[in-house]
2 protein chains.
Amino acid sequence: MAERPTGHQVPIGDEGGVASSARPGGGTPPEPSHAERCRTLVASESRGALSTLAADPQGYPYGSVASYGLDDRGNPLFFVSLMAEHTQNAMRDPRASLLVTEPVPDGADPLASGRATLLGLLSPVAEDDRITARDRYLEANPTSAYYIDFGDFVFYLLDVRRIRYVGGYGRMSWVDAAAYAEAEPDPLAAAAAGIIEHMNADHAEAQVLFCRHLAERPDTTGASMSGVDRYGFEMIAVSPAGRAAVRLGFPEECTTSEQVRQAVVAMVSDARDIAATAPR
Amino acid sequence: MAERPTGHQVPIGDEGGVASSARPGGGTPPEPSHAERCRTLVASESRGALSTLAADPQGYPYGSVASYGLDDRGNPLFFVSLMAEHTQNAMRDPRASLLVTEPVPDGADPLASGRATLLGLLSPVAEDDRITARDRYLEANPTSAYYIDFGDFVFYLLDVRRIRYVGGYGRMSWVDAAAYAEAEPDPLAAAAAGIIEHMNADHAEAQVLFCRHLAERPDTTGASMSGVDRYGFEMIAVSPAGRAAVRLGFPEECTTSEQVRQAVVAMVSDARDIAATAPR
């Protein structure tokens, strides 16, 4: 049997903020680093706000909409018109950043969602790398196929040097550019929404068991999954005392939905064993 | 009877672009200026990408998420934490821009949607203007009420000096800052989605009549409304030759849904009169 997962409880204040607090006497469950969270977020989207420096005497920072693909190290690739302001700006001054934002659910506080700002230098993609850049860009932006061979468009790469990550209230840091380049987007990112929907539709009781017996919240009366990644998942646990965010680690890293299913089955069995032997 | 509305046909190419072409022999129907389109777009949203200049030695342009309200002249008002990067940046260098983007329908080409970049200078709101700024900000961001009186947050105003407007492919310009400040957001903006839905659900035949008899497209077989503003509306007209965008002006400016309803009734009557007298 795999090692018992450890719980991590995060109180949810009225302000929607989260403050980390490890379980007394327990270990902190593994979770993605900010570098991994950034790679995952940037890989999950294909459009952001590109900031360049306006080629006017005032030199205002200039925000524009930009679609992007990614190279192997997570550097954004743009396909831009030579006529566009941001291209004209980049030709004069390579300094730029790309802001990528998680989708904000309807009615939710936009400042509680994740976003990453990748700062670096823009340069035209070298002729030798053009085919690869084109493939990467098209993969992320299939609707661009009709103009991908237009003559007055060029590929630009943003060589990322600094990264600011904000995962919501109280979860923010500067992320090392090398750590970002080497991090892997979470392999569960595309499946996460489906897993969460399934767990909340069909396995609410299992989640209550998890909170009661694996996360030492015996007074839990309801629970729902709010996030899942290769290392574990987060739930909102409801009790007479209020709501709390609870993180549990998987017994082993999961890279597919099937592995998540197996992990959840093992964790239910674990939780039932503990419930059966617990003092009344 | 009001003067007959004039038609304006815009062919829709495969590339999704639009090229303006006035009706031969007819006037160009009135439409919002780019200054008005910008004011409407910026007033319809409450969140954008704020670009500031990073306070690091490299001086990268730095994009961040920012919620905003608007003052009387359409200058964005921000409520920012003193700890936030963009606030620190603005305290060192006031140059900034705010990018505001129209929502992109699922599956649509993001570069076909409208966006505006407001460039200017950030400064803290003076104490005398704080109450007004607070009211304006809260009106646009009701979910901020719980932290609106936090001590480590301050109001900033972006004094808009230059504006870049992109309404989609081929519709773009630099907009005069004074024209923007004096323009009015379209009074139909909030009602537009409902009007379009109603017209397309219940009045598809009327729209075919409009295209055939008011816009000189006698071969129209289907039509649907794609946009409406105080000066008129746009339809996609379908014929054996393909699809085309058609603009019609209202007989008189409409500032309420009820006035639109009356205008449409008058235009149906007009179109039927023309149909009845047309040579077979």
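The values are calculated or read from the model by the stated rules, or taken from the named source; none is laboratory data. Note that the structure is a prediction, hence the values are computed from the model and not measured. Methodologically, a virtual Cβ is constructed for each residue, glycine included, from the backbone with ideal geometry; neighbour enumeration extends over all protein chains shown.
B:ASP72 passes all but one of (1) surrounded by fewer than 18 Cβ atoms within 10 Å (Cβ to Cβ); (2) under 22 Å from A:VAL104 (Cβ atoms); (3) acidic (Asp, Glu); which number fails? In the conditions (1) surrounded by fewer than 18 Cβ atoms within 10 Å (Cβ to Cβ); (2) under 22 Å from A:VAL104 (Cβ atoms); (3) acidic (Asp, Glu), B:ASP72 misses (2) alone. Taking the criterion of being in a strand (DSSP E or B), over 26 Å from B:ALA276 (Cβ atoms) and in contact (Cβ under 8 Å) with a residue 60 or more places away in the chain, the only residue of the stretch B:215-233 that qualifies is B:ASP229. Listed by position, the strands (runs of 3 or more DSSP E) inside the stretch B:114-214 whose residues that are surrounded by 15 or more Cβ atoms within 10 Å (Cβ to Cβ) and modelled with pLDDT of 95 or more number at least 3 are B:115-124, B:153-166. Could you figure out which of (1) touching a residue at least 24 places away in the same chain (Cβ under 8 Å); (2) over 30 Å from A:LEU188 (Cβ atoms) isn't true of A:ALA126? Tallying (1) touching a residue at least 24 places away in the same chain (Cβ under 8 Å); (2) over 30 Å from A:LEU188 (Cβ atoms), A:ALA126 fails exactly one: (1).
Across the stretch A:70-81, what is the total count of residues that are more than 10 Å from chain B (Cβ to nearest Cβ) and farther than 23 Å from A:ASP176 by Cβ? Total satisfying the criteria: 3. One residue stands out in the stretch B:112-124 among those that are more than 7 Å from chain A (Cβ to nearest Cβ) and of a type outside the set (Gly, Ala, Ser): the one that is nearest to B:TYR169 (Cα to Cα), namely B:LEU118. Scanning the stretch B:82-98 for residues being surrounded by fewer than 16 Cβ atoms within 10 Å (Cβ to Cβ) and either at pLDDT below 95 or within 7 Å of another protein chain (Cβ to nearest Cβ) (or both) gives a total of 2.
Kindly establish whether A:ASP159 is in contact with a Gly (Cβ under 9 Å, 6 or more places away or on another chain), acidic (Asp, Glu), in contact (Cβ under 8 Å) with a residue 24 or more places away in the chain and over 28 Å from A:VAL260 (Cα atoms). Spelling it out, A:ASP159 is indeed in contact with a Gly (Cβ under 9 Å, 6 or more places away or on another chain), acidic (Asp, Glu), in contact (Cβ under 8 Å) with a residue 24 or more places away in the chain and over 28 Å from A:VAL260 (Cα atoms). Residues in the stretch A:31-67 that are surrounded by 24 or more Cβ atoms within 10 Å (Cβ to Cβ), facing another protein chain (nearest Cβ under 7 Å) and within 21 Å of the chain's Cα centre (by Cα): 1 in all.
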